[in-house]
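Structure, as structure tokens:
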Amino acid sequence: MAREKYSVKFGQQQLLIGPVVNDNDSVPPAGSIFSAPCGITGLTRAVTTNTNDVALPPCDDPEAVIWLGIDAVSKRMTLTFTGTLADVALPVWDDYSMNGDMRWVRWYRNIGAPNQGYWEGPALLTEYSEESSDRGRYTNSGTIIFDGQPDWVSIPPAPSVTSGVAIPTTAPVQSAAFAATPGTYTGTPSLVYQWFANNVAIGGATTASYTPAAGDVDKRLHVVETATNASGSINTKSEQSLPVVAA
């Protein structure tokens, strides 16, 4: 029996800092760059729920001790970090701490493992400090608070093959469409194709169906299907067809 991996290691969680949040942004601008500042050695993600107590007196015994109920009022997600102050990270921390701008922030969870994804949203660096003593190296620490509820973005695992691409067992015919049956994969990937004639790639033949030309007569066709998602890609290859028949 395979041994369960019960723990999440430090490197599988990451804090990434993105661009400044503009007034009309509801999501990060297309092409936004998020980076993990160098030097972080400790990370904490905390979700705090503010509550109100409510008395719940027993109706059948006015003298009994009153138990308190609890009502959730508000929630907040806070990220804290500690680390060794890296010179390459100084511009990031200087800009974030001194300008007071909201930035798009991501907290990546379980990188490269099941249930991976990230929380994303506008967030403010509310506390930041740098400290050293007695000729030691500087450390830094800070607190980042999300502005409202961050969005959870799930990252699917890299595709794996359930069944590969296939082609008809009948001979392809010149000028008649010859269609592949797509394979099935985990991870909801997108599919792209490349057709071959006698193992040579056919220019422009990149859809699930190919119509053989006169130059393909007597050649054998096959197709390679590539399944891709955000985490990776995988290829499957069909069998060779019977030789292409002239129209």
Options Gly18, Gly42; residue that is farther than 14 Å from Trp104 by Cβ, assigned by TED's automatic domain parsing to the domain that holds Arg109 and not aromatic (Phe, Trp, Tyr): Gly42
Residue match in the range 136-149 (condition: without any contact (Cβ under 8 Å) to a residue 24 or more places away in the chain and not assigned by TED's automatic domain parsing to the domain that holds Ser231): yes
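Only one of Thr170, Thr181, Thr206 is of a type in the set (Ser, Thr, Tyr), more than 30 Å from Ile111 (Cα to Cα) and over 37 Å from the mean Cα position of the chain (by Cα); which?
Thr170
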Residue identified as of a type in the set (A, V, I, L, M, F, W, C), closer than 20 Å to Ala230 by Cα, touching a residue at least 12 places away in the same chain (Cβ under 8 Å) and part of a strand (DSSP E or B) among Val47, Val73, Val105: Val105
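The values are calculated or read from the model by the stated rules, or taken from the named source; none is laboratory data. Remember, it's a predicted structure, so these values are computed and weren't measured experimentally. Glycine also receives a Cβ, built like all others from the backbone with ideal geometry; neighbour counts cover every protein chain displayed.
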